[in-house]
């Protein structure tokens, strides 16, 4: 059982107010890469809290969608609004935007520093980093890692197992108090125990912020519950509550994918 940590509330840009129900709104999002249509007219909304799982075949555009939201792809058409603000016009530019959106990749990337230094890496100002002990404990608890590393925070992060490194990356993202957490197959190469811990952490975090998670593991999408968005060929084919989607998918493409992990989109 993971202890219930103190909830860190997201920090918003000065002067911005959060819509009553929507944290992220995407309208007509299209992306071309190397003369190939990667995303085509994506429309999607994320509520203020909860898990939304992105599923679909390889090449459907799921990871590209996350990279657009985080500003790693910038030459897209359409509109993406976070906290009511168009991210193309985010005050301070793309670097400041990424301080409000945490992105966790499939393969953990830890820095050649101590566990503690990895957690506080994104915190601005050396004085704040030195005084961040309470924050370090809070985010490591949220990432279900505190109990395993509390006695060795000065140890090199590279000495952690792969699953622990992935949870450390989640803690590092949480330390900057993001408005939104994006996860791109965060448990794809992990053992069952690490996968379980990360899924439990995701569920806990989703109680206080929106979480958008890409996965190829349909059983994981069932376990995470929340909302499911099925993508194929750069388009959103169907989106629904996870229980409804897995029991009664409405589109033929969805039914084919759930039966065979392929579809004719």
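So what is the relative contact order of the chain, in percent, for Cα pairs below 8 Å that sit 6 or more residues apart?
On the way: 502 pairs, mean separation 71.9, N = 265.
Relative contact order of the chain: 27 percent.
Helix 192-205 and the long axis of the chain differ in direction by around 90°, with both axes built from C-alpha atoms.
Could you order the peptides 199-207, 57-65, 175-183 from most to least packed, using the average number of other C-beta atoms within 10 Å per residue?
In descending order of packing, they fall as 175-183, 57-65, 199-207.
Modelled spin-label separation between residue 75 and residue 37, with each label point placed 7 Å from Cα along the Cα-to-Cβ direction: 1.9 nm.
What per residue convex hull volume, in Å³, comes out for segment 174-230 when only alpha-carbon positions are used?
Measuring per residue, one finds 89 Å³ for the Cα hull of segment 174-230.
Rounded to whole Å, the principal axis extents of the Cα atoms in segment 107-177 read 30, 22, 21, largest first.
For the chain, the ratio of Cα radius of gyration to the globular rule of thumb 2.2 N^0.38 Å stands at 1.00.
Helix-only arithmetic for the chain: the sum of -39500 (n - 2.57) across DSSP H runs with n ≥ 4, divided by the residue total, places the mean residue ellipticity at 222 nm at -9000 deg cm²/dmol. Taking the DSSP beta bridges with both ends in the chain, the antiparallel portion is around 55 percent.
In segment 57-106, the ratio of gyration radius to Kirkwood radius, Rg to Rh, stands at 0.97 when only Cα atoms are counted.
We did not get these values from a lab; they are worked out from the coordinates using the rules stated. Owing to the predicted nature of the structure, the values given are computational and were not obtained by experimental measurement. All Cβ positions, glycine included, derive from the backbone under ideal geometry; neighbour counts span all protein chains shown.
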